[in-house]
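The values are calculated or read from the model by the stated rules, or taken from the named source; none is laboratory data. Because the structure is predicted, anything quoted here is derived from the model rather than measured. In this analysis, Cβ positions are derived from the backbone assuming ideal geometry, glycine residues included, and neighbour counts consider all displayed protein chains. Please note that ligands, DNA and RNA were not included when accessible areas were found on the heavy atoms of the full protein model with its side chains. Shrake-Rupley method; radii C 1.70, N 1.55, O 1.52, S 1.80 Å.
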Amino acid sequence: MEPLLSVKNLRVEIPVGTGMLKPVRGISFDLQKGETLCIVGESGCGKSLTSLALMGLLPKVARRSGDHLRFAGQDLLGLKERQMAKLRGQDMSMIFQEPMTSLNPAYTIGDQLTEGMIRHQRVSRAEARDRAAFLLEKVGITAAASRLTQYPHQLSGGLRQRVMIAMSLMCGPDLIIADEPTTALDVTIQAKILRMMKNLQAEFGMAMIFITHDLGVVARIADKIAVMYAGAFVETGTAQQIFDAPTHPYTKGLLSCIPVPGKTERGARLGAVPGVVPSLINGVEGCGFASRCPMRQAACGSEPDLTDRGAEHSCRCVHDTDTLRNMEWEAA
Amino acid sequence: MSDDIALELSDVTKIYQISQGMFGGTKPLRALDKISLQLRKGEVLGLVGESGCGKSTLAKVLLGLEKPTTGNVRVYGQPFGTHDRRWIARRIQPIFQDPYSSLNPRKSVREIITLPLKVHSVGDSSSWDKEVAKMLDLVGLPQRLIDASPSQMSGGQRQRVAIARALIMRPEVVICDEPTSALDVSVQSQVLNLLIDLRDELGLTYLFISHNLAVVEHIATRVAVMYLGRVIEQAPAARIFDAPKHPYASALLDSILTPDPALGVPDVNLDGTFPNPVDPPSGCTFHPRCPSATALCSAKRPEPVEQAPGFVTCHLHDPEIQKELT
């Protein structure tokens, strides 16, 4: 089946004072209709810029390139901004991390919810408001019709994020990209919103790209996972594969860092990944993780490819799969 | 009063007057509502709850940055009012959430860490340098960073500087207010390891405030759960995480997302949203969201019921009320 979204060798380059910043260095993946891909990584790994590159929302100075970026049969790389604007909000939409800053404080919730639909689908204001009220109820907001006349500051953080989710659904998109949608929320609200998003996905069948650093969230909602480090995917696989048989030293390191209730002994030392992320200015020499990797060797001087480690499972490392699986991080 | 108690709050209430607009006057907001809590020497008391429940206000009261409206705070058996800020600061020190804003960007690491020594007039400039060097070793920072400014450091390094500053006066109690929330996962574990080591090495007592329940479960020896300015359950960590009693505590713990792909997103049994703290619900403030609420819950305010070794503030666990009902 032709995937809904097929990304091949996507790159983002941003000229900075001291050279060229390369925050996204050739990432590739396919996403089927109705599937959830989680891109997980730490700050500065390029995951947010990846999402902006997919949406065509990069800052003007940034340059996007790649082999192809095919969405529903159309290569987005060749599209003009005017054509991109037609897709955005209509066929693909985005949920940002901070509902506080991504809603306009000067307009009512109703105005902001309906704007895209009125523009894209040329429906009447009344029709759009009906749809908005319907979706607000879907995302669990009570007295939905009366909320339409409220302003963002009158809503709590959890409600604002629900409004953002309803907004992303207004035109019935095929793809939703969510950049840390629950990071700013309380845990109880986080669980509710994630559950609701999964239910909406089952109901409307859209694909989701979910960007987060929270491994707990990833484990619970992902079909596929891509672990990102220094602008590249270092390991991709199904949720089961990544959590039950992690292969890349970075993935293993990350998993050893989080206390797992019931598994990690209380008060025991946690794993750690010492060192810092390399500078992405002018690209990375060799394997981006080598400077922090306990298994580095001479061969790490040239960047390894993402190679297959089983069905749907791939890893970017010079070592063979068995060596990697047996590797253990020492407690720091 | 026994000797093993570092900090004790009895019936502490903190009321803020919230402006209701130009002509609306003010309304009281009970950020802390008759809190009684003890911090025992050597323990790690985890304080959890949703944003707005009063965790940070509690930290401020313990640091002496806010005065309680009513109630008493005792530090090592002595009431707060009998000593000045500096006396308190020598015993209780904070570590804050965001090392990007809690360190002065215009000062060097040396200046940041020596400031408490200057303020308390401890030693002189020659001994300060030795002290700072010792602290850098203790928190795992290389000596070459001594003249660096915070802007040249990573988040993890900054948080280590904040820890060094907190510990230079050799306090006995450290109030950690979300100390790892702003950090990446791989850095978070290093800071947690450091806090665990320092506690063993220096015999510190922590009040550990966090919304990351997995982290609290890992580091805390005892846990207090707050809801709308009240402690609704308090017990040893193992007991509360294995078998929470209060319906809110159990809903909160249900929402922990452990990294297990075999489990889906939990269905948290919690209705509605966090109430407006200026206009809290009657009776038990949790009753509008509580799956087990009865008529009594909206009428009568529950009081803490001893459930050794801890307490629960819930009618369901009050044997006398349950006896009356049946």
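Annotations for the structure displayed:
- Interface residues, region B:253-268 - accessible area loss of 30 Å² or more versus chain alone, probe 1.4 Å: B:SER255, B:LEU257, B:THR258, B:PRO259, B:PRO261, B:VAL265, B:ASP267, B:VAL268
- Simple spin-label estimate for B:LEU65 and B:GLU306 in nanometres, 7 Å along Cα-Cβ: 3.5 nm
- Average other protein chain Cβ within 10 Å of Cβ, residues B:211-221: 4
- Accessible area buried, both sides summed, chains A and B with 1.4 Å probe, Å²: 3700 Å²
- Between helix B:125-139 and chain B there is an angle of about 50 degrees, using the helix long axis and the longest principal axis of the Cα atoms.
- In terms of its alpha-carbon gyration tensor, region B:123-194 comes out oblate; a/c meets the 1.5 threshold, while b/c is at least as large as a/b.
- Most positive-pole-ward Cα, A:SER291, A:VAL218, A:GLY253, against dipole of region A:166-294 from beta carbon charges: A:GLY253
- 3J(HN,Hα) along region B:175-185: 9, 9, 9, 6, x, 10, 5, 8, 9, 5, 3 Hz, from the Karplus curve 6.51 cos²θ - 1.76 cosθ + 1.60 with θ = phi - 60°, whole Hz, x for Gly and Pro.
- Peptide A:192-203 shows a mean partner chain C-beta count of 2 within 10 Å per residue C-beta.
- The shape of region A:246-332 comes out oblate: with a ≥ b ≥ c from the C-alpha gyration tensor, a/c is at least 1.5 while a/b does not beat b/c.
- Distance from the Cα centroid of region B:212-280 to that of region A:60-129 is 37 Å (rounded to whole angstrom).
- Annotation: amide H-H contacts under 5 Å for B:TYR227 (H modelled 1.01 Å from N, sequence separation of 5 or more, or interchain): B:ILE232.
- Under 5 Å, built H, 5+ apart or other chain: amide partners of B:GLY46: B:PHE208, B:THR221, B:ARG222, B:VAL223, B:ALA224
- Pairs from A:LYS22/A:LYS47; B:LYS60/B:LYS130; B:LYS67/B:LYS118; B:LYS34/B:LYS300; A:LYS22/A:LYS86; A:LYS86/A:LYS138 whose Cα-Cα separation, in the structure shown, is over 20 Å: B:LYS60/B:LYS130; B:LYS67/B:LYS118; A:LYS22/A:LYS86; A:LYS86/A:LYS138
- Taking every DSSP bridge with both residues inside chain A, close to 60 percent are antiparallel.
- Counts of other chain beta carbons within 10 angstrom of each beta carbon in peptide A:261-273 average 6.
- Percent carbon-and-sulfur accessible area, chain A, ignoring ligands, DNA and RNA, probe 1.4 Å: 50 percent
- Residue list for region A:222-254, given a label point 7 angstrom along the Cα-to-Cβ vector of A:GLU328 and an amide N cut-off under 19 Å: A:244-254
- Rounded to 5, percent antiparallel among DSSP beta bridges of region B:5-325: 60 percent
- Inter-probe distance in nm under a simple model that places probes 7 Å from Cα toward Cβ, at B:THR294 and B:TRP87: 4.8 nm
- Approximate spin-label separation B:ASP200-B:ALA243, in nm, with each point projected 7 Å along Cα-to-Cβ: 3.0 nm
- Tilt relative to chain A, helix A:157-169 - C-alpha long axis, 0 to 90 degrees, to 10: 80 degrees
- Using the average count of surrounding beta-carbon atoms within 10 Å as a protection proxy, the listed peptides B:74-86, B:25-37 rank, highest first, as B:25-37, B:74-86.
- Axis of helix A:125-138 versus longest Cα principal axis of chain A: the two differ by about 50°, to the nearest ten degrees.
- Cα centre as origin, Lys/Arg/Asp/Glu Cβ charges: region A:246-332 dipole, Debye: 400 debye
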